[in-house]
Each structure stands twice: as structure tokens, then as C-alpha cells.
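**Student:** Before I ask anything, here is the structure I am working with.
Rule-based calculations on the coordinates, nothing more; no lab input. This structure is a prediction, so every number in the text was calculated from the model and none was measured. In this analysis, Cβ positions are derived from the backbone assuming ideal geometry, glycine residues included, and neighbour counts consider all displayed protein chains.
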Amino acid sequence: MIDIGINFKTSIPQREMFSQKEKYVTVTKGRRLGATQGGAQKFIKFAAVDKIPHMLWGDTIQSNINKYFDRYFYPILKQGIDFHYHRTEKTLKIYETIIDFRSAEKPYNWEGFGYHKIFLNEAGIILANDYLYDNAVLPMMLDFPQSQLIAAGVPKGKVNKLGLPHKFYSLYEKAKMGEPNHKLLEYSSYDSPFLRTRDIEELELQFASGLMRDQEIYGKFVDATDRPFFYSFEREKYVKEFELNPMLPLIYSFDFNKEPMTCIVGQRMNAFIIAVRYANKIDIGSTPEMCEMLHAQNTTWGRNLFITGDATGRNRTPLERGEVNHYLKIKSYFNLSDSRFNVRKANPSHINSRLLCNSVMQNMNVMIHPDCEGLINDIIYANVDQQGEIIKSQILGRHFFDCFRYLLDSEFPDFLKNPRRYIKMKVA
């Protein structure tokens with residue numbers, strides 16, 4: 001073994017999940033255990049010290065990969081390890097070792113190579129796609145007898161969207177039953193030495209559902225036939241009469257669809273009160289038509305507006321010439337500056353959005369005017385599948401639902417990372 005002069009600081013769970021001998025290592029865990037950070041350190045060690053030739057890092061979305069390299073790999077590699085990272089190809093070379101990074105967003109990029117080690121970061125999400133496991137992961141392990149799969153993640157249900165056993169749950173069951181070549185490691189968020197116990201306890205209190213608490217904090221596989229997206233919603237608590245404050249800006253949150261075009265009108269009344277007054281819909285409409293409706297409805301506010309909503313509104317609209325998109329049309333109509341727009345580059349996933357929205361609703365003061373019946377119905381009846389993805393159809397578009405989650409995300413973007421910041425405001 002080679003000493004490269006770097007002290008890898010890892011926790012017990014981080015060391016355990018990457019030091020097993022079995023071919024299939026299944027790791028169920030609560031949120032924020034540190035698997036990503038630990039995986040980065042161990043992959044560097046596997047390459048620089050153990051000289052493992054070929055490894056694969058599987059993740060949920062493509063945009064995570066460069067961020068993880070910058071945050072977890074680069075600070076260690078720059079200390080004197082010979083490496084080259086190709087940001088476009090998502091390939092890292094450490095000495096003679098090749099590490100390929102792939103995402104579940106692009107399953108067609110996975111096939112074609114064999115690997116000695118495969119790490120699936122958030123296997124509960126990645127393995128919801130049977131194709132990835134059956135046609136990519138398993139064949140990748142045929143080339144080398146000593147190949148190993150480390151599948152780690154927060155469980156996301158026992159069955160997939162087709163009603164078949166979830167591959168992550170199947171791996172868990174095999175390891176639980178003691179099948180040869182299978183190893184099971186189970187951790188809760190409390191097993192992380194990087195988190196304070198009181199922070200985890202505060203996060204627990206944000207879950208109205210015991211099932212969600214068991215899954216997200218204790219890393220348990222849960223099964224429920226009724227899975228509302230807004231499990232913390234109570235009509236008598238959140239639906240109430242109120243009037244907008246003409247001195248405070250309005251927030252328009254858009255969802256861009258031709259059938260229908262929707263936009264909700266909200267207001268941040270103070271640091272811990274967010275209110276929704278109107279839920280507007282045009283069955284077959286355009287962005288300029290929606291802007292006209294909003295202007296007529298809220299003439300008093302003029303340009304005292306903030307804009308958020310669907311990130312796809314940044315894309316160029318196919319029916320217009322030139323670099324025109326929905327948000328440029330809104331900017332032009334209301335004569336707004338860029339500082340009035342708070343729109344993500346990509347929409348938040350339903351899984352992350354669900355936790356954020358319910359946490360905000362339980363801990364902040366959220367008000368929805370009874371006139372917003374379309375939004376209220378979306379909140380009541382929006383359900384998720386076992387992977388946490390919203391169930392939509394042509395009939396159940398849930399467009400007001402999207403407007404609402406974009407609004408909460410824009411106003412409380414770091415609530416899950418720093419809830420005490422907002423709760424202290426509320427107490428004060």
C-alpha cells in the first residue's frame with residue numbers, strides 16, 4: 001500500500017460502507033449521513049493508494065456531478081495527487097485509474113464498460129429505473145470477478161412505478177435474509193458525527209407523517225397506499241380570509257403551459273408569513289394574456305413585483321423568432337429589472353420539494369385565500385408514487401400545485417439547511 005501523505009478523515013459509517021468484502025453492499029440511511037463526502041474520499045483512496053483501475057460513480061442528476069467534484073474531490077486532489085477531470089465527459093483520471101460519473105437522468109450513457117467498483121449515490125432514486133440495474137449495472141460487473149456494487153441511499157418505497165419490487169428494496173431483502181455475497185448496513189441520521197442531535201430532532205419535528213420520518217431520518221422502507229404530497233396540509237389551518245398589503249410587493253409564480261396557463265399571486269407579509277391571494281388560469285392562453293390578466297387584477301402594485309416560477313420558462317419559445325422566452329416577455333410587459341426575477345436554473349425535484357414545502361408549512365405561517373379553490377384542490381389531492389414523484393395525467397395536471405411549490409422554494413430556499421434562521425425570526 002502506498003502512502004500519499006493525505007489524512008482521510010472519515011466517520012465510522014463512511015468507513016464501514018466502503019470497506020466490506022461482499023460483492024453486493026446495500027446501505028440504507030437517513031438524510032445527511034455523509035455518504036457523498038465519504039464516497040469521494042474513498043474513491044480517491046481506491047485510486048491513489050489501492051490502484052483500483054476502473055470505477056463508476058452513479059448519481060441522480062447530471063448537475064450534481066460537477067458540484068460534487070468541486071466540493072468533495074478537488075480539495076483533496078489539489079494537495080499533490082496527479083489527476084485530470086473532464087467536466088464535459090464527467091470522467092476523472094487519478095494516476096492510472098479511470099472514474100466515470102453517470103446520472104440516472106441519462107441512462108443510455110451507462111452501458112459499455114466494466115468496473116471493479118460501482119457506487120450508487122442515492123440508490124433509492126437511481127434504482128427506481130429497472131433498466132439501469134438490469135441492463136447497465138449488472139452487466140458492468142461481469143468483466144471482473146472481484147467487482148463490487150455499493151448501493152447507498154434513503155429508501156424510496158418497496159415497489160416501483162410499475163408496481164414491481166423496487167430494485168433497492170430487493171437488494172435490501174436479499175442482504176436481510178443473509179444471502180451469500182450480500183451485506184446490509186443500516187444507519188439513521190443520528191449516526192452521523194457531522195450533525196448535531198438537536199438539529200436532527202428539529203428536522204424530525206418538521207415531519208407531520210410518521211412514515212416520512214421513518215424513511216427520511218431512520219432510513220426505513222415504508223409502505224403506504226395514500227401518499228399526499230402536502231401531508232401537513234389542514235384546510236382549517238391554512239385556508240383563511242385576508243387582504244393583501246398595498247405597501248408590500250406581490251410575487252407572481254408562473255407555470256408555463258398552453259393548456260392551461262397558470263399563475264398564483266402571493267405576498268411575503270413578513271419574515272415568516274407567506275400568503276396566496278389569487279390562483280389565475282387561462283384555459284388556452286399565452287404569457288402576454290396572463291400578464292394582462294394580472295395587471296388588471298393588481299393595478300395598484302404597478303411594478304412593485306417579484307417574479308418566480310417554472311425554470312423551463314427560460315427556454316426560447318418555439319413560436320417566436322430570436323432569443324425570446326416567457327420571462328423576457330414578462331420583463332418587457334411589466335418593465336421590470338433583472339433583480340425582480342428569482343427563478344432557478346432547473347426546477348427542484350418533487351422529492352426535495354415535498355420535504356421543503358411541508359417543512360415550511362409546518363413551521364412558518366402559510367395562508368391561502370378561500371377564493372383559490374383550484375390551488376386548494378391541487379394541494380389536497382396531489383399524491384406521489386412510491387419514489388416520491390408527483391402523479392400527473394392529462395386530466396390531473398396539478399399546475400397550481402407547481403406554482404405553489406415554486407413560490408415556497410423561492411421564498412425559503414435554504415429552509416432545510418438552516419431552519420433555525422427562520423424559526424428564530426418567527427419566535428422573535
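**Student:** Considering only Gly302, Gly374, Gly80, give the residue with the highest GNM mean-square fluctuation for the chain, with springs between Cα atoms whenever their separation is below 10 Å.
**Tutor:** Result for the chain, Cα springs under 10 Å: Gly80 fluctuates most.
**Student:** Within the range 338-370, list the residues whose amide N lies under 13 Å from a label point set 7 Å along Cα→Cβ of Leu248.
**Tutor:** Only 365-368 pass the distance filter.
**Student:** Net charge around Leu416, counting only other residues with Cβ within less than 10 Å of its Cβ (Lys, Arg = +1; Asp, Glu = -1)?
**Tutor:** Within the 10 Å Cβ shell, the charges total +2.
**Student:** Net charge near Ile98: determine it from the other residues with C-beta under 15 Å of the C-beta of Ile98, scoring Lys and Arg +1 and Asp and Glu -1.
**Tutor:** On the way: positive: Lys51, Lys90, Lys93, Arg102, Lys117; negative: Asp50, Asp82, Glu89, Glu96, Asp100, Asp143.
Result for the neighbourhood of Ile98: -1.
**Student:** Which peptide among 247-255, 110-118 comes first, and what is the full order, when sorted by highest mean count of other Cβ atoms within 10 Å? Each step should come with its number before you reach the end.
**Tutor:** Details: 247-255: 20.9, 110-118: 18.4.
Ranking, from highest mean packing down: 247-255, 110-118.
**Student:** Give me the net charge for the shell around Ile307: Cβ to Cβ below 13 angstrom, other residues only, Lys and Arg +1, Asp and Glu -1. List each step's numbers first, then the result.
**Tutor:** Values: positive: Arg303, Arg314, Lys329, Lys331, Arg340, Arg344; negative: Asp255, Asp310, Asp338, Glu411.
Result for the neighbourhood of Ile307: +2.
**Student:** Give, rounded to the nearest 20 debye, the magnitude of the charge dipole that the chain has about its Cα centre when Lys and Arg contribute +1 at Cβ and Asp and Glu contribute -1 at Cβ.
**Tutor:** Computed about the Cα centre, the dipole is about 1000 debye.
**Student:** Connecting C-alpha atoms closer than 10 Å in a GNM of the chain, tell me which of Val324, Val137, Val154 has the biggest fluctuation.
**Tutor:** Sorting by GNM fluctuation, first place goes to Val324.
**Student:** Give me the distance in nm between label points sitting 7 Å out from Cα along the Cα-to-Cβ direction at Val159 and Asn64, one decimal.
**Tutor:** The two pseudo-label positions are separated by 2.6 nm.
**Student:** Can you find, among His369, Ile251, Ala279, the residue farthest towards the positive end of the dipole of the chain? Put +1 on the C-beta of Lys and Arg, -1 on that of Asp and Glu.
**Tutor:** Farthest along the dipole direction, towards plus: Ile251.
**Student:** Along Cα→Cβ, 7 Å out, is where each label goes; now give me the distance between the ones at Tyr95 and Gln146 in nm to one decimal.
**Tutor:** 1.4
**Student:** Putting +1 on Lys and Arg Cβ atoms and -1 on Asp and Glu Cβ atoms, find which of Asn64, Gly80, Asn121 reaches farthest to the positive end of the dipole of the range 6-144.
**Tutor:** So the residue we want is Gly80.
**Student:** How many percent of Cα pairs in the range 12-216 exceed 30 Å?
**Tutor:** 19
**Student:** Find the Cα radius of gyration of the chain, compare it with 2.2 N^0.38 Å by division, and give the number to two decimals.
**Tutor:** So the chain has a normalised radius of gyration of 1.08.
**Student:** For the range 235-427, what log10 I(q)/I(0) values come out of the Debye formula at q = 0.11, 0.12, 0.18 1/Å, with one point per alpha carbon and no solvent?
**Tutor:** Debye intensities relative to I(0), on a log10 scale: -0.48, -0.57, -1.36.
**Student:** Quote the charge dipole size of the range 12-216 about the Cα centre in Debye, to the nearest 20; the model charges only the Cβ of Lys and Arg (+1) and of Asp and Glu (-1).
**Tutor:** Working: 28 positive and 25 negative charges, 48 e Å.
Dipole magnitude for the range 12-216 comes out near 240 debye.
**Student:** Right, another one. What do you get for Rg/Rh over the range 20-133 if you use C-alpha atoms and the Kirkwood form of Rh?
**Tutor:** On the Cα set of the range 20-133, Rg over Rh gives 0.93.
**Student:** Here is a further query. Within 10 Å of each residue's Cβ, count the other Cβ atoms and sort Phe334, Phe194 from fewest upward. Present the calculation step by step, with values, prior to reporting the outcome.
**Tutor:** Values: Phe334 18, Phe194 10.
Result, fewest neighbours first: Phe194, Phe334.
**Student:** From the helices alone, meaning DSSP H stretches of at least four residues, give me the mean residue ellipticity at 222 nm for the chain, per-run term -39500 (n - 2.57), in deg cm²/dmol to the nearest 500.
**Tutor:** So the calculated ellipticity at 222 nm is -8500 deg cm²/dmol.
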